[in-house]
Amino acid sequence: MNGSALKAWWRKHPFISQVVTYLAPFALLPLVHRNPYHLDVLTGVGIYAILALGLNVIVGTAGLLHLGYAAFFAIGAYSYALLNIHADCPFWLGLPASGVAAMALGTLIAVPSIRVRGDYLAITTLGFGEIVRITVNNLDEWTGGPNGLLGIDRPSLPMHGPDGWTLRSFSVDPLPYYYLVLAMTAAIAYLLFRLSDSKIGRALTAIREDELAAGCMGVPVLRTKITAFALGSFIAGLAGAVYASKQTIISPDSFDFVLSVLILAMVVLGGMGNIWGAALGAFVLGVLPEVLREFAAYRMLLFGLIMILMMIFRPQGILGGQLIRRELRPVRREVSDGAAEVKGASKSYGGVAPLKNMDLVIHAGEIVSLIGPNGAGKTSFFNCVTGLARIDAGRIAFDGGRVRLDGLAPERILRAGVARTFQNLRIFRNMTVLENVAIGYHSRTRSGLLDAILRTRRHRVEEMKTLRESLELLGWIGLNEQANEIAGCLSYGDQKRLEIARALACGPRLLLLDEPVAGMNPTEKSAISAVIRRIRDRGISVFLIEHDMKVVMPLSDRVVVMDDGRKIAEGPPDKVQCDPRVIAAYLGEPGDA
Amino acid sequence: MSDAQVAAALLAQQLINGLTIGLVYALIALGYTMVYGVIQLINFAHGEVFMLGAYLALTAVWLLTAWLGAPPAILLLCGMFALSVVGCALTGRLIERVAYRPLRGSPKLTALITSIGVSFFLQNAVMLLYGSREQSVPEVLPMVSWEVGGVSVSGMQLLILAVSAAMMVGLDRFVRRTRTGKAMRACAENTEAASLMGISPDAVIRNTFMLGSGLAAVGGMLFAMNYGSVSFHDGYLAGLKAFTAAVFGGIGSIPGAMIGGILLGVFEGLAAGYLSSEWKDVFAFGLLVCVLIFRPSGILGENLPEKV
């Protein structure tokens with residue numbers, strides 16, 4: 001390979017080049033500075049870095065606060081120790097086994113608890129962490145109780161010694177461990193970069209940004225969260241096996257709440273969601289105690305203080321969030337028709353009934369507007385159609401009666417071909433415009449976690465298609481200039497457009513728009529009206545809630561009027577406008593609600 | 001005594017022991033629940049305030065005996081009460097002002113992480129001030145106990161019962177009848193609406209922190225006297241248990257915290273007495289996890305779905 005080809009290759013593989021650039025100094029360090037003590041400290045930092053990278057997947061990328069992470073580290077360490085002591089299992093077999101054991105427990109815990117929201121999930125994980133630690137402490141005959149396990153074997157590798165190349169065990173010499181941990185850190189960082197720049201990474205970020213909207217855009221929220229949890233636990237398990245083999249002795253004390261918080265502090269310090277941030281946090285908090293030896297007593301005091309100050313003055317951490325952007329060119333796409341029928345839909349919350357026996361038909365390729373006074377039940381109706389709420393009675397049929405939407409989860413409904421936007425914008429504010437749209441393709445592509453990490457052909461092809469089509473869609477709606485901007489920085493009107501583009505990316509046959517022009521100026525309003533007509537022209541049925549009659553009347557093929565949970569009128573816009581029941585519902589002001 | 005009588009006496013004994021510790025949990029749980037009610041923050045540092053209360057009570061004993069020689073028990077009790085309650089209330093106020101107020105309006109998880117930071121800070125500050133070894137608490141009350149039908153009740157247990165009952169009745173009156181208490185309830189219901197009615201949320205939050213910390217201090221004082229020793233580690237476990245109690249009863253609900261604390265104590269007492277004391281913390285944490293997963297609204301709380 002000549003120089004320019006190498007340069008091109010280097011640019012084409014940004015993750016490899018980053019990993020090499022940042023970790024090369026550490027790889028070269030032992031050549032110039034062979035202080036065993038310093039190398040040992042850095043090995044410890046490396047184990048912290050692996051843990052921080054793993055926790056970052058859960059806390060940073062997926063936004064699930066985990067306060068029991070040390071438990072999975074413990075499971076990894078004890079798995080290898082037990083396998084090694086009782087079954088004489090070698091390290092290289094024990095390493096993946098420990099990862100799998102930790103992942104199994106992680107999944108087992110995640111499945112019931114992942115529905116728990118936010119701060120409650122944090123306490124749930126803390127509770128599980130404590131249960132694991134106390135259990136390990138109490139199961140004396142297996143784990144040695146508080147005294148722990150000792151005599152754990154170190155890994156063996158072919159090494160060059162006095163009698164040439166032989167298979168030898170790692171000794172007290174810190175160098176082999178140093179390189180083992182460095183290689184693992186590099187590999188894990190690289191694979192996590194791949195993950196973050198993939199469909200799964202994007203889905204996780206979308207969940208962190210707005211779980212409900214992510215679900216409505218076809219991301220299987222629970223499954224994706226469990227995946228993140230399992231992956232993070234797997235990495236902790238690997239770190240545990242390395243730790244156990246390095247120490248050769250383990251006891252429950254090493255895996256307490258303080259460790260969970262320490263690793264969390266590393267992730268927070270570096271910048272939640274940032275891969276290098278997690279590694280940097282591990283480096284800072286791992287090396288700091290060594291630098292401040294004489295202040296050892298103040299160490300934990302300092303940790304507390306750092307966490308408080310970081311949260312107040314720089315909650316995004318030292319390096320802040322991380323974005324991976326791609327720029328691409330357009331391609332064509334097609335969408336087919338969609339029709340829906342709602343019969344006798346009813347919904348009540350205790351004494352309040354937002355829907356009372358609601359009937360509605362939407363024909364293929366139609367624009368139907370739903371109007372009615374505030375509190376008439378319009379948004380509740382939308383929520384029932386899109387699966388955010390369940391109807392108590394009646395049925396919602398789609399696709400000529402072939403699919404029943406009532407009772408399905410939001411992501412299933414989306415896959416059936418019904419997408420929506422929200423009354424109060426729910427875009428993923430901290431993702432780019434392009435990434436927002438790309439989320440819409442989640443349900444239409446098939447590659448999974450392993451595809452994403454291993455970069456299989458399927459993933460590459462799908463990802464290329466997703467990003468190209470997303471860009472094409474942005475061009476279609478007039479946002480291609482802003483494709484690489486952060487969505488939260490767009491103007492209000494553009495954010496509304498983006499939300500429509502994101503819904504279109506899901507490939508719907510029926511699109512539900514909840515007040516698409518609310519809060520817009522007249523120019524923006526007519527632009528959105530034009531967009532809605534063009535959506536219909538693509539063969540997608542449109543069902544919208546809107547208060548602005550100047551928009552509704554010229555745009556709609558049919559208008560449905562709701563009041564008090566019922567349909568009170570239906571027909572062409574001009575007829576409905578004169579209907580006495582409608583006038584009564586709006587207190588005598590037709591055409592100007 | 002017949003076997004049945006012995007069994008009944010054992011049960012009664014475990015119930016009384018459980019009730020005693022449960023009342024202490026309830027006193028701490030009240031602080032969690034009141035703070036959560038007003039600003040939806042799990043104040044992780046609350047357990048450390050409880051621990052600080054125990055240390056301040058001990059400090060009061062040291063100071064009073066150094067100053068007066070052998071003061072009467074009632075004077076000692078009043079001194080302990082005053083120092084720990086005032087000290088903790090001020091600490092609570094300071095924590096709120098320095099650590100939580102700048103974060104008003106930021107994501108819940110940010111505030112939760114901050115509170116973990118505060119917890120570490122307080123724990124280690126106390127360790128540095130008082131030393132890392134367990135401190136024994138001198139006997140303030142004479143060790144007396146009465147035996148009724150094979151069940152023994154100590155003077156300490158009666159004191160805990162009397163003091164915590166007084167605190168809870170007092171709190172209930174305060175929250176229902178006083179102007180400040182009503183403002184707290186209004187803020188817990190809807191902070192925005194309360195502020196439009198001329199109630200200052202800042203003042204309410206400050207009062208809530210002071211009140212909650214004061215109650216935790218009372219819990220800390222009783223805890224120190226009951227166990228005869230204090231350690232800087234005590235806040236973590238007691239804090240988590242009290243949080244469990246608050247969630248169990250329904251976080252945000254004051255009577256919920258009282259009921260949750262008492263039930264948790266009794267549950268733990270029975271688990272320790274009939275199953276295994278080694279595993280009693282696992283039972284408590286298991287309960288915590290189950291409540292959070294299956295009924296996060298607790299016994300008395302209300303469940304609020306996300307609004308679209």
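Could you state the orientation-averaged shadow area of the convex hull built on the Cα atoms of segment B:146-215, in nm² to one decimal?
6.0 nm²
Show me the ranking of peptides A:256-264, A:408-416 by mean Cβ neighbours inside 10 Å, starting with the highest.
A:256-264, A:408-416
Per-residue Cβ counts within 10 Å, from other chains only, averaged over B:117-127: what number is that?
So the per-residue partner count for this stretch is 6.
Given R₀ = 25 Å, FRET efficiency for residue A:6-residue A:456 by Cβ-Cβ distance, to 0.05?
Taking R0 as 25 Å, the efficiency between residue A:6 and residue A:456 is 0.45.
Treating the beta-carbon of each Lys and Arg as +1 and of each Asp and Glu as -1, no other charges, what is the dipole magnitude of segment A:443-558 about its Cα centre, to the nearest 20 debye?
600 debye
For segment A:494-560, what ratio Rg/Rh do Cα atoms give with a Kirkwood hydrodynamic radius?
With Rh from the inverse mean 1/r over Cα pairs, Rg/Rh is 0.92.
Can you compute the helix-only [θ] at 222 nm over chain A? Use -39500 (n - 2.57) per DSSP H run of at least 4 residues, normalise by all residues, nearest 500 deg cm²/dmol.
-17500 deg cm²/dmol, from helical runs alone.
To the nearest 10 degrees, how steeply does helix A:3-12 sit against the main Cα axis of chain A, on a 0 to 90 scale?
That works out to roughly 60 degrees.
Calculate the dipole size of the protein assembly as shown relative to its Cα centre from +1 charges on Lys and Arg beta carbons and -1 charges on Asp and Glu beta carbons; express the result in debye to the nearest 20.
Roughly 2220 debye for the protein assembly as shown.
Any chance you could list P(r) for segment A:526-579, counting all Cα-Cα pairs in 5 angstrom bins from zero, rounded to whole %?
4, 18, 28, 25, 16, 8, 2
If we count every other residue with Cβ under 14 angstrom of residue A:45's Cβ, Lys/Arg +1 and Asp/Glu -1, where does the sum land?
-1
Starting from the Kirkwood radius over alpha-carbon pairs of segment A:155-228, derive D by Stokes-Einstein at 37 °C in a medium of 0.692 mPa s and give it in µm² s⁻¹.
Approximately 211 µm²/s, per Stokes-Einstein.
On alpha carbon coordinates alone, what is the Rg over Rh value for segment A:353-428, Rh being the Kirkwood radius?
In segment A:353-428, Rg relative to Rh is 0.94.
Find the centroid of the Cα atoms in segment A:267-301 and in segment B:69-148, then give the distance between the two in whole Å.
28 Å
Short version: ³J(HN,Hα) in whole Hz for each residue of segment B:245-250, in order, from phi by Karplus 6.51 cos²θ - 1.76 cosθ + 1.60 (θ = phi - 60°), x for Gly and Pro, what are they?
Values, residue by residue: 4, 5, 5, 4, x, x Hz.
Per residue, how large is the accessible surface of the protein assembly as shown? Use a 1.4 angstrom probe and give square angstrom.
Accessible area per residue, the protein assembly as shown: 42 Å².
How much mean residue ellipticity at 222 nm does chain B get from its helices, if each DSSP H run of length 4 or more adds -39500 (n - 2.57) and you divide by all residues, to the nearest 500 deg cm²/dmol?
Counting only the DSSP helices, I get -25000 deg cm²/dmol.
Helix B:108-130 versus the longest principal axis of chain B: what is the Cα-based angle in degrees, 0 to 90, to the nearest 10?
It is inclined by approximately 40 degrees.
Can you pull the semi-axes for segment A:372-484, root of five times each eigenvalue of the Cα gyration tensor, sorted largest first, whole Å?
Its equivalent ellipsoid spans semi-axes of 31, 20, 12 Å.
Quick check: net charge around residue A:526, other residues with Cβ under 12 Å of its Cβ, Lys/Arg +1 and Asp/Glu -1?
+1
If packing is taken as the average count of other Cβ atoms within 10 Å, what order do A:510-518, A:342-350 fall into, highest mean first?
Highest to lowest by the protection proxy: A:510-518, A:342-350.
Hey, any idea what % of the protein assembly as shown's accessible area is carbon plus sulfur with a 1.4 Å probe?
60 percent
Could you tell me which residue out of A:254, A:156, B:79 lies farthest along the dipole of the protein assembly as shown toward its positive end? Charges go on the beta carbon: Lys and Arg +1, Asp and Glu -1, centred on the Cα centre.
A:156
Buried accessible area for the A:B pair, summed, 1.4 Å probe, in Å² rounded to 100?
Result for this pair: about 3800 Å² buried.
Can you pull the one-decimal nm distance between simple spin-label points at residue A:247 and residue A:31, each 7 Å off the Cα toward Cβ?
In this crude label model, residue A:247 to residue A:31 measures out at 3.4 nm.
Probe radius 1.4 Å, ligands and nucleic acids left out: which of A:13, B:233, A:66 has the largest accessible area, and how do the rest follow?
Accessible-area ranking of A:13, B:233, A:66, largest first: B:233, A:13, A:66.
Run the 1.4 Å probe and let me know the accessible area of residue A:404, rounded to the nearest 10 Å².
Rounded to the nearest 10, the figure is 110 Å².
What FRET efficiency do you get for residue A:423 and residue A:175 if R0 is 45 Å and r is their Cβ-Cβ distance, rounded to the nearest 0.05?
E(calc), rounded to 0.05, equals 0.15.
Per residue, what volume in Å³ does the Cα convex hull of chain B take up?
Normalising the Cα hull of chain B by residue number yields 146 Å³.
Say each of residue A:359 and residue B:135 gets a label point 7 Å from the Cα, pointing the same way as Cα to Cβ; how far apart are those two points in nm?
7.8 nm
Along the Cα-to-Cβ line of residue A:526, 7 Å from the Cα, sits a label point; which residues in segment A:543-567 have backbone N less than 19 Å from it?
A:548-556
Test of understanding: in a Gaussian network model of chain B with alpha carbons linked when under 10 Å, which of B:14, B:135, B:123 would top the mean-square fluctuation ranking?
Highest fluctuation among the options: B:135.
Give me a comma-separated list of calculated 3J(HN,Hα) values for segment B:152-162, in order, Karplus coefficients 6.51, -1.76, 1.60 applied at θ = phi - 60°, integers in Hz, x for any Gly or Pro.
Rounded to whole hertz, the list is 9, 10, 8, x, 4, 5, 5, 4, 4, 4, 5.
Heavy atoms only, probe 1.4 angstrom, no DNA, RNA or ligands counted: give me A:210, A:557 ranked by accessible area, highest first.
A:557, A:210
Could you tell me the convex hull volume per residue, in Å³, taken over the Cα atoms of segment A:41-110?
Considering the Cα atoms of segment A:41-110, their hull volume per residue is 97 Å³.
Helix A:91-113 against the longest principal axis of chain A: what's the angle in degrees, Cα atoms only, rounded to the nearest 10?
30 degrees
Which of B:157, B:186, B:205 sits closest to the plus end of the dipole of segment B:155-214, meaning its Cα is farthest towards the positive end, when Lys and Arg get +1 and Asp and Glu get -1 on the C-beta?
B:157
Restricting everything to alpha-carbon atoms, can you work out Rg to Rh for chain A with a Kirkwood hydrodynamic radius?
Ratio of gyration radius to Kirkwood radius: 1.06.
So how strong a dipole does segment B:157-305 carry about its Cα centre when Lys and Arg Cβ are +1 and Asp and Glu Cβ are -1, to the nearest 20 debye?
480 debye
Share of Cα-Cα pairs in segment B:177-308 beyond 22 Å, in percent?
Looking at segment B:177-308, the distances longer than 22 Å represent 49 percent of pairs.
The values are calculated or read from the model by the stated rules, or taken from the named source; none is laboratory data. As the structure is a computational prediction, the values presented were derived from the model and not from experiment. Note that we place each Cβ from the backbone using ideal geometry, even for glycine, and neighbour counts take in every protein chain shown. Side chains included, ligands, DNA and RNA excluded: accessible areas come from the protein's heavy atoms. Shrake-Rupley method; radii C 1.70, N 1.55, O 1.52, S 1.80 Å.
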